Amino acid sequence: MKVQGKVVGQVLLPYDIDAYFYVDNGMSNIFCVDCGTRLDRDVRPKFLKIGNKFDIGSTYDGELILSERSKLVFSSIFTSLNFETYPTDKGVYSRPCDLGFVRIDADFRNIEFSGKCDLCGGYKEIGPVGPAKLICDEDLWDFNILQSDLEVGFGNRKRRLIMIGMAAFSRMRQKKLSGLFSGPVYSSSLSRWWK
Ligand SMILES: [Zn+2]
């Protein structure tokens, strides 16, 4: 698969930290029983039990989780970023919050919305996940961290993609954080459709 086009950022594709943000925290009732779409956006876990330690990781249900070290790196690069913190069995972990939105081009990878849910109006599956292409390059600047307008994935693992401008990502990479895995975010000028 060869794609030509300018890479303007990176989408974080962190590994699972072997933890649930919601489901194992007595919060399975915040998801639609039919399609798994999260219905309550305000509820938070009180405690996380983490299996795998990474500086940057993801819970099974799609939340980006940062170690104390990576939180320091993130807050030094994105100086106005807000965080929520959570006690875990492996120390305090954080999650960036109040991220702005970036629009992604659903046609680029033929993102399909399947399993329309009569109960909540959501979809069981939206995918495939990444790589992403922007609708408007001006949406993602060099030192931005943003979340995709679309949630992608399956059932209660649907999540928004976290995207980082290229300059910020390069700086982040120098810090050698564990779990910093990513894929390209392509410029809107990329003309070739994903095959
Ligand atoms: Zn539903």
Restricted to the stretch 135-174, and to residues that are crowded, with 18+ Cβ neighbours inside 10 Å and among the small types (Gly, Ala, Ser), which residue is farthest from LYS6 (Cα to Cα)? GLY153
All-but-one check, GLY179 against (1) surrounded by fewer than 20 Cβ atoms within 10 Å (Cβ to Cβ); (2) outside any strand (DSSP E or B), failing number (1)
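Would you mind stating whether PHE108 is within 30 Å of MET166 (Cα to Cα) and under 18 Å from the mean Cα position of the chain (by Cα)?
No; evaluated as a whole, the condition is false for this residue.
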Checklist (1) over 18 Å from PRO96 (Cβ atoms); (2) of a type outside the set (Asp, Glu); (3) at pLDDT 90 or above applied to ILE145, failing item: (1)
Which of (1) touching a residue at least 12 places away in the same chain (Cβ under 8 Å); (2) in a loop (DSSP other than H, G, I, E, B) is the odd one out, the single condition GLN147 does not satisfy? (2)
Which is among the aliphatic types (A, V, I, L, M) and within 16 Å of the ligand (Cβ to nearest atom), of LEU119, LEU140, LEU134, LEU146? LEU119
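The values are calculated or read from the model by the stated rules, or taken from the named source; none is laboratory data. A quick note: this is a predicted structure, and the numbers were derived from the prediction, not measured. All Cβ positions, glycine included, derive from the backbone under ideal geometry; neighbour counts span all protein chains shown.
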